[in-house]
Amino acid sequence: MKELRVEASVKKLPIVFRFVLEELENCGCSKKTMRAIKLSVEEVFVNIAQYAYDPQTGPAIISMEVVRDPDPVRVIISFADTGKPFDPLVVERPDTSLPLEQREAGGLGVFLVRTHMDWVHYDYQDGMNILTIEKNLQEVAR
Amino acid sequence: MTFQKSADGKELTVALTGDLDSTNTPELEGKLLEEMDGVQELCFDLSGLDYVSSAGLRVFLTTQKQMAGVGKMTIRHVGEEVMGIFTVTGFSKLLHIERD
C-alpha cells in the first residue's frame, strides 16, 4: 500500500494522476482500464477539492493498493479528507434520458465513477470522509 | 486548444487535443466567453481529444444551451474513448455529433 498526502486543490490533480497511473503502468494495466481509473480518480479528488473544505482548503490522503490475492487482481484506491461530513453517493443519479433544456450538469462526476468502477463505498470514520473505489484488473496476471 | 474564427466572425472552430480535465476547462470556458460573441456556428473538433471528465462535459452542456437560442453547435471527429463517455452520460443524444 502506498499513500499520498496532498492539498485538496484542483491544481494538484497532475500529482494525483502521476501517483495513481505510475503504479498501474508498472503492473501492466491496459490503457482502457487506466483511463477509467484516471477518470474516477479525477472525479473523486475534484469533488473533495471543491466541496470538502469550502471555502478553505485542507488535506486529502490518497492510498492505493494492488491486491493480487484472491483472484482477480484488483486495485483499491481510498480518498480521505477531514472536511465536512458528506456522502457523495447519496447524490441523485442524473437522468440521462432528459432533453437538453432539462439536463443539469450536477451529479455527473459521481455517475461516471459508478459506471467506470466495480465497487464504490463511502464511510465516515474518526472525523474523516473515506471514499473507496475498486476495479478489477482482469488483464493483469497474478 | 486552438480557436479559429471566420472572417465575418460568425463561425468558430475549436480544436481540442489531449486531455480535457478539471485543470484546463477553466481556460476553455474563459476563451469561449471571449470568442463566442456573434458566433452562429460553433464547431468543436475533437479528433485529438483522448480524455474528457465531467468538467469538460459541463462545458459542452452549458455551451450547447447557450448556442441553442442563437445558432448551431456541432461536434466533429469524436474518438472512440470520448464517444464512450458521451454515450454513457446520454450526451450523445443532447449534442449534435457528426460521425466520421
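If you rank B:TYR51, A:TYR122 by fewest surrounding Cβ atoms within 10 Å, what's the result? Mind showing how you got there, number by number?
On the way: B:TYR51 17, A:TYR122 14.
Neighbour counts put them in this order, fewest first: A:TYR122, B:TYR51.
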Among DSSP bridges having both ends in the protein assembly as shown, what percentage is antiparallel? Round to the nearest 5. 65
Taking the Cβ of B:LEU49 as the center, what net charge do the other residues with Cβ under 9 Å away carry, scoring Lys and Arg +1 and Asp and Glu -1? -4
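Of the listed pairs A:LYS84/A:LYS135; A:LYS31/B:LYS93; A:LYS31/B:LYS65; A:LYS31/A:LYS135, which have alpha-carbon separations greater than 25 Å here? It would help to have the intermediate numbers written out before the result.
Details: A:LYS84/A:LYS135 27 Å; A:LYS31/B:LYS93 27 Å; A:LYS31/B:LYS65 33 Å; A:LYS31/A:LYS135 14 Å.
Beyond 25 Å: A:LYS84/A:LYS135; A:LYS31/B:LYS93; A:LYS31/B:LYS65.
If you rank A:ILE15, A:ILE133 by fewest surrounding Cβ atoms within 10 Å, what's the result? Write down the numbers at each step before the final one.
Values: A:ILE15 15, A:ILE133 22.
Result, fewest neighbours first: A:ILE15, A:ILE133.
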Rounded to 0.05, the calculated FRET efficiency for the beta carbons of A:THR57 and A:GLU22 at R₀ = 22 Å is 0.30
Show me, for the stretch B:24-39, the HN-Hα J-couplings you get by feeding each phi into the Karplus relation (A = 6.51, B = -1.76, C = 1.60, θ = phi - 60°), rounded to Hz, glycine and proline as x. 10, 5, x, 5, 4, 4, x, 5, 4, 4, 5, 9, 7, 4, x, 7
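Per residue of A:8-17, how many C-beta atoms from partner chains lie within 10 Å of its own C-beta, taken as a mean? Show your work: numbers first, answer last.
Details: counts 0, 0, 6, 2, 1, 5, 2, 0, 0, 3.
The mean count of partner-chain Cβ atoms within 10 Å per residue comes to 2.
With +1 on each Lys and Arg Cβ and -1 on each Asp and Glu Cβ, how big is the dipole of the protein assembly as shown about its Cα centre, in debye rounded to the nearest 20? Don't skip to the end; give the middle numbers.
Working: 26 positive and 38 negative charges, 40 e Å.
Computed about the Cα centre, the dipole is about 200 debye.
If I take R0 = 45 Å and measure r between the Cβ atoms of A:MET1 and B:ASP37 in this structure, what FRET efficiency does the formula 1/(1 + (r/R0)^6) give, to the nearest 0.05? Please list the in-between numbers first.
Numbers: r = 52 Å, r/R0 = 1.15.
It comes to 0.30.
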With everything on Cα atoms, drop me the angle between helix B:54-70 and the longest principal axis of chain B, reported from 0 to 90° to the nearest 10. 40
Specify which residue in the list B:ALA15, B:GLN40, B:GLY30 is farthest towards the positive end of the charge dipole of chain B, using unit charges on the beta carbon of Lys, Arg (+1) and Asp, Glu (-1), about the Cα centre. B:GLN40
Can you compute the charge dipole magnitude of chain A about its Cα centre, using +1 on each Lys and Arg Cβ and -1 on each Asp and Glu Cβ, nothing else charged? Give it in debye, rounded to the nearest 20. 440
Go through the stretch A:73-83 residue by residue and turn each phi into a ³J(HN,Hα) via Karplus (6.51, -1.76, 1.60, θ = phi - 60°); whole Hz please, and just put x for glycine and proline. 4, 9, 10, 10, 10, 10, 10, 10, 9, 9, x
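Indicate the gyration tensor shape class of chain A (rounded, prolate or oblate), computed on the Cα atoms with a ≥ b ≥ c the square roots of the eigenvalues: a/c under 1.5 is rounded; otherwise a/b larger than b/c is prolate and the rest oblate. Could you put the intermediate results ahead of the total?
Details: a/c = 1.76, a/b = 1.22, b/c = 1.44.
Taking the square roots of the gyration eigenvalues as a ≥ b ≥ c, chain A is oblate.
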Putting +1 on Lys and Arg Cβ atoms and -1 on Asp and Glu Cβ atoms, find which of A:LEU24, A:ILE37, A:ILE130 reaches farthest to the positive end of the dipole of chain A. A:LEU24
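Which ordering of A:SER78, A:SER30 is given by a fewest-first count of other beta-carbon atoms within 10 Å? Could the numbers behind the result be given before it?
Details: A:SER78 20, A:SER30 13.
Least to most surrounded, the residues fall as A:SER30, A:SER78.
In the neighborhood of A:SER63, defined by Cβ-to-Cβ distances under 14 Å, what is the net charge if each Lys or Arg adds +1 and each Asp or Glu adds -1? Walk me through the intermediate numbers first.
Working: positive: A:LYS2, A:ARG5; negative: A:GLU3, A:GLU23, A:GLU65, A:ASP81, A:ASP123, A:GLU134.
Around A:SER63, the charge tally is -4.
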Can you compute the charge dipole magnitude of the stretch B:1-77 about its Cα centre, using +1 on each Lys and Arg Cβ and -1 on each Asp and Glu Cβ, nothing else charged? Give it in debye, rounded to the nearest 20. 260
Between beta-carbons, use under 10 Å as the cut-off and find the net charge around A:LEU112, counting Lys and Arg +1, Asp and Glu -1. -1
Work from the charge dipole of chain A (Cβ charges, +1 for Lys and Arg, -1 for Asp and Glu, about the Cα centre) and give the residue of A:LEU4, A:THR57, A:GLY83 farthest towards its positive end. A:LEU4
Rounded to the nearest 5, what is the percent of antiparallel bridges among the DSSP beta bridges in chain B? 20
Using a 7 Å offset from Cα along Cα-Cβ at B:ALA68, what residues in the stretch B:33-60 end up with backbone N under 17 Å from the label point? B:42, B:57-60
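Please compute the alpha carbon radius of gyration of the stretch B:13-98, then divide it by the globular-protein estimate 2.2 N^0.38 Å. Two decimals is fine. Kindly include the intermediate steps, with their values, before the conclusion.
On the way: Rg = 11.8 Å, N = 86, 2.2 N^0.38 = 12.0 Å.
Scaled against compact globular proteins, the figure is 0.99.
Values quoted throughout were computed directly from the atomic coordinates according to the rules given, and no laboratory measurement underlies them. None of the values given here were measured: they were computed from a predicted structure. Backbone-built Cβ (ideal geometry, glycine too); neighbour counts: all protein chains shown.
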